[in-house]
Structure formats: structure tokens, C-alpha cells
Amino acid sequence: MYSEQCYKLGSNRSAIRELFEYGKQRAAIVGKENVYDFSLGNPTIPAPACVKEAIVELLETTSSMEVHGYTSAQGDAELREALAQYYNNTYGTKFHADNYYITCGAAASLCISFRALTESKEDEFIAIAPFFPEYRVFVEGNGAKLRVVKPDTENFQINMKELEEAINEHTKGVIINSPNNPSGVIYSKETIEKLAALLEAKSKELGRTIFLISDEPYREIAYDGVEVPYVTKYYANTIVCYSYSKSLSLPGERIGFVLVPDEVTDSRNVYYAMCGAARALGFVCAPSMFQKVLIKCLGQVGDINLYKTNRDILYKGLTELGFECVKPQGAFYMFVKAMGGDSAVFCEKAKALDLLLVAADGFGCPGYVRISYCVDKEMIERSMNAFKKLAEQYI
Ligand code: PLP
């Protein structure tokens with residue numbers, strides 16, 4: 001009567017959402033200030049002022065039809081042109097308007113890409129652990145298989161040996177996400193160069209194009225001047241999936257893009273396949289008002305210093321208490337080794353102290369937990385006592 005696959009997806013709520021709901025229930029009992037909810041990655045810094053200014057100006061000076069009407073399926077031509085110019089000026093690339101397809105956020109960009117590139121149910125996309133768990137849903141939901149490469153727990157860059165072994169005659173693409181959710185690590189230029197060399201060699205050896213799907217919603221959220229290499233400059237067959245959910249703090253507005261550069265093999269036809277996938281998935285014509293807002297806000301980012309302050313307080317506090325974690329260079333997540341080795345047990349002990357942490361098993365990295373620090377600084381400060389009590393149970 002209905003799809004078993006969709007039923008399973010709809011009836012099993014994500015563990016992160018469950019925890020978030022639990023946090024709300026608990027807050028009603030013990031008080032909001034006594035629950036330390038580090039579960040969700042919902043940006044807390046306000047959208048930059050240009051967003052409100054652009055909305056007000058649009059509403060006051062533009063006709064309803066222009067603000068709220070349909071745009072072209074692939075997005076407003078003026079926005080796509082502005083995007084090309086912005087990226088060319090910033091990264092020295094040579095994009096043009098017809099390389100861009102405007103989407104309803106990175107989730108849509110990824111689904112469109114997997115749908116457009118999948119030719120057979122044997123096709124595989126490779127995710128590098130730790131990875132955003134929704135990749136599995138997006139890949140499988142669009143008819144392909146997800147293969148996971150084990151993490152390099154030394155530094156959370158890419159485990160190249162494992163990746164090399166994972167690539168096979170069914171590999172369609174490799175998904176990367178840097179700055180990374182959940183590790184906070186940024187893939188270095190050296191990592192991207194090695195990855196590009198490996199994918200070029202493997203494409204040649206297997207006689208097929210292997211795409212690199214670069215999922216980049218956190219591109220601008222990088223601290224201490226760490227460079228986030230622009231991936232299309234290193235590997236020709238790169239598809240970029242971008243979103244303004246995090247950089248402009250607009251997750252509820254659903255706006256982003258897919259970029260298919262001219263350097264991609266058979267680029268025009270791949271772009272048309274993206275247009276077709278968006279059509280088949282019902283993702284044409286992304287929110288019109290926010291397309292127009294973007295034209296006025298390209299290059300703007302929320303005040304990420306607030307996240308950096310949170311990172312610094314949390315990293316210092318947790319390492320002093322004896323927790324092991326890589327210092328995040330970007331995004332707003334900290335990846336911490338579960339004391340005792342079992343992340344489920346560790347998270348339960350934390351939960352008993354009203355500390356809501358996410359076990360990283362679903363991110364392909366058992367034995368770790370994710371702390372999402374896009375929260376109030378005061379909550380982090382208040383939570384330190386609970387982290388201390390948690391550590392004391394192990395030391
Ligand atoms: N990719 C990663 C790595 C994410 O963390 C998220 C959201 O948290 C997404 C994609 C989806 O982003 P969007 O809200 O733009 O759909």
C-alpha cells in the first residue's frame with residue numbers, strides 16, 4: 001500500500017531529533033537553565049543585517065509578483081550571474097551563470113546530485129567517516145548505495161588507504177564535507193591534492209568518471225585563518241553542493257545551489273541531468289524572495305566569532321577535565337572520544353546529568369560523541385560542572 005523504505009524513514013525519528021525533543025521535555029521539568037542541550041546544529045548567531053535590509057527593501061520597492069512569483073526552474077538568472085562573479089572574484093575560478101542550479105538548501109543539492117548521477121542500482125557513492133548521517137538517506141533514497149570509508153582517528157583527515165581500497169567498478173562518486181560535521185576538521189590542501197590524484201588515477205584505471213561531491217555548508221565557518229581549499233581547482237569532476245543555512249544563519253529558508261563547472265566531463269549534459277533530477281524531485285524554483293535577498297548578501301557571513309568563543313571555552317574546559325578531542329578548525333561541532341570506549345553508555349551517563357550529547361555511531365565513528373556548540377555561551381559555562389561530574393565517573 002505504501003513504500004516500505006519511506007515508511008521506515010518516516011517512522012524512525014533520527015536519534016538527534018529524539019534527543020532534542022527529550023531536552024525540551026526535561027527543560028519543562030527541571031528548568032531550561034539546567035539542561036545542557038548540545039544535540040542540534042541549528043545556527044544561533046543572527047543572520048547578518050543585510051538579510052533584514054534586503055527583505056524590507058524588496059517588500060517596499062518590488063511588486064508582489066516579482067518577490068513571490070516563480071523564477072526560472074534553475075533559479076533567477078541575475079542571481080546565478082552574481083554567484084559566478086562572486087566566486088570568480090573570490091577564488092579565481094571561471095564560472096558562469098549556467099553552471100549554477102539554485103536549490104532548497106544543501107539537502108536538496110545533494111539529493112539532486114545523487115539522483116542526476118545514478119544510472120543503475122549497483123552505483124555507489126562513498127562517504128568518508130565521520131560523515132553527516134543523512135547522506136545514507138539521500139543516496140539510498142535516490143537509487144544508489146552508500147559505501148563507508150573508516151575514519152582516520154589520528155587527525156580526522158581522509159583515510160586514503162581505505163578510500164583507495166573502497167573505490168571499485170561501481171563507484172559513481174565520493175562525498176566530502178569540509179569543514180566537517182561532526183569532527184570540525186578542515187581538509188588540508190595536501191589532503192585535497194592527494195584525493196584528487198587518487199580519483200584521477202582510479203578514474204583512468206577503471207575507465208569511468210568518478211565525481212567528487214563537495215558538500216560545503218560550513219565553508220565560511222573556519223577559525224584562526226585556516227584555509228578551506230576551493231575543491232574545483234584541484235579536481236575537474238567536482239560538483240559543489242552549497243547552502244546558506246549556516247553562513248547566513250538561514251536554515252529555515254531553504255536556499256543553496258548545485259554547481260556543475262565546465263571542467264566536469266560532459267558538463268552541459270550533467271547540468272541538464274541536474275535540471276531533470278530537480279524536476280523529478282519537485283525541487284524546481286527555490287524560494288523566490290531569498291534568491292533576491294542573496295543577490296544583495298553574497299559574501300556576507302554571520303558573526304562567527306561567537307562560535308569561535310564557544311569553541312575556545314569548550315575545548316579548554318573539556319581538555320582540562322581529561323577529555324580527548326581534536327581541536328575543531330571550523331563548523332560548530334566538537335568530536336570527543338567517549339570515556340570508557342562505549343559511546344552509548346557514555347551518552348546515557350551524560351544524559352543522567354542533563355548533558356545531551358550525540359553518540360557518533362550513526363556518523364560512522366563508534367566510540368566518539370558529537371557536541372554541537374552553536375548554543376549560548378552561558379549554557380556552555382553552566383555545563384562545565386556536569387562535564388566534570390561525567391569525567392569523575394571514569395577517572
Ligand atoms: N550537509 C551537512 C554536512 C550538514 O551538516 C547539513 C545540515 O546540518 C546539511 C548538509 C543540510 O543542510 P541544509 O539545511 O542546507 O539542507
Is it possible to state the helix-based mean residue ellipticity at 222 nm for the chain, with each DSSP H run of 4+ residues giving -39500 (n - 2.57), the sum divided by total residues, to the nearest 500 deg cm²/dmol? What is it? -13500 deg cm²/dmol
Roughly how big is the range 214-333's charge dipole about its Cα centre, with Cβ charges of +1 (Lys, Arg) and -1 (Asp, Glu), in debye to the nearest 20? 380 debye
Mind checking the angle between helix 105-117 and the chain's longest principal axis? C-alpha axes, 0 to 90 degrees, to the nearest 10. 60 degrees
Kindly express, to the nearest 10 degrees and within the range 0 to 90, the angle between helix 77-91's C-alpha long axis and the longest C-alpha principal axis of the chain. 60 degrees
Are there any trypsin sites (Lys or Arg not before Pro) in the range 20-114 that are in a DSSP loop and have at most 15 other Cβ atoms within 10 Å? List them by number. LYS94
Along the charge dipole of the range 50-297, Cβ charges K/R +1 and D/E -1, which of ASN168, ALA144, PHE290 sits furthest on the positive end? ALA144
Along the range 146-154, Karplus-curve 3J(HN,Hα) (6.51, -1.76, 1.60; θ = phi - 60°) to the nearest Hz, with x for Gly and Pro, reads 9, 10, 10, 9, 4, x, 9, 6, 5
Listed residues SER267, SER243, LEU321: farthest to the positive end of the dipole of the chain (Cβ charges): LEU321
If you place +1 on the Cβ of every Lys and Arg, -1 on the Cβ of every Asp and Glu, and leave all else neutral, what size is the dipole of the range 272-395 about its Cα centre, to the nearest 20 Debye? 440 debye
Could you please report the charge total around ASN168, scoring K, R as +1 and D, E as -1 over all other residues with beta-carbon less than 12 angstrom from its beta-carbon? -2
Helix 267-280 sits off the longest principal axis of the Cα atoms of the chain, rounded to the nearest 10 on a 0 to 90 degree scale, by 70 degrees
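Please compute the net charge surrounding VAL226, taking Lys and Arg as +1 and Asp and Glu as -1 over other residues with Cβ under 15 Å from its Cβ.
Local charge sum for VAL226: -1.
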Hey, can you grab everything whose amide H is under 5 Å from the amide H of THR238? Only 5+ residues off in sequence or another chain; H modelled, so Pro and N-termini drop out. LEU212
List the GluC sites (Glu not before Pro) within the range 159-220 that fall in a DSSP loop (any state other than H, G, I, E or B) and whose Cβ has at most 13 other Cβ atoms within 10 Å. GLU169
With unit charges on the beta carbons (Lys and Arg positive, Asp and Glu negative) and the dipole taken about the Cα centre of the chain, which residue among ALA127, PRO229, GLY41 sits farthest to the positive side? GLY41
To the nearest 0.05, the calculated FRET efficiency linking ASP376 and LEU9 through their beta-carbon distance, R0 being 41 Å, is 0.80
Within straight cross-link reach of LYS351, meaning Cα distance under 18 Å, which lysines are found once same-chain residues fewer than 8 apart are removed? LYS24, LYS32, LYS337, LYS388, LYS389
Suppose a student asked you for the relative contact order of the chain, using Cα pairs under 8 Å spaced at least 6 residues apart; what percent would you report? 23 percent
In debye, nearest 20: dipole of the chain around its Cα centre with unit charges on the Cβ of K, R (+) and D, E (-)? 520 debye
Can you give the net charge of the other residues whose Cβ lies under 12 Å from the Cβ of GLU21, counting K and R as +1 and D and E as -1? +2
Given LYS150/LYS202; LYS292/LYS377; LYS94/LYS121; LYS246/LYS296; LYS189/LYS349; LYS194/LYS327, which pairs have Cα atoms separated by over 27 Å? LYS292/LYS377; LYS94/LYS121; LYS189/LYS349
Roughly how many nanometres apart are two label points built 7 Å out from the Cα toward the Cβ at GLU320 and CYS50? 3.8 nm
From phi via Karplus (6.51, -1.76, 1.60), per-residue ³J(HN,Hα) for the range 325-333 in Hz, x at Gly/Pro: 7, 7, 6, x, 9, x, 6, 9, 10
When the gyration tensor of the chain is built from Cα positions, what are the square roots of 5 times its three eigenvalues, in whole Å, from largest to smallest? 34, 27, 20
Integer Hz, Karplus 6.51/-1.76/1.60 couplings in order for the range 350-361, x for Gly and Pro: 5, 4, 5, 9, 6, 9, 9, 10, 9, 5, 8, 4
Between the range 211-290 and the range 342-371, how many Å separate their Cα centres? 31 Å
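Every number here is computed from the coordinates shown, using simple stated rules; none is lab data. In this text the structure is predicted, and so the values were computed from the model without any measurement. Counting neighbours? That spans all protein chains shown, and the Cβs are built from the backbone with ideal geometry, glycine included.
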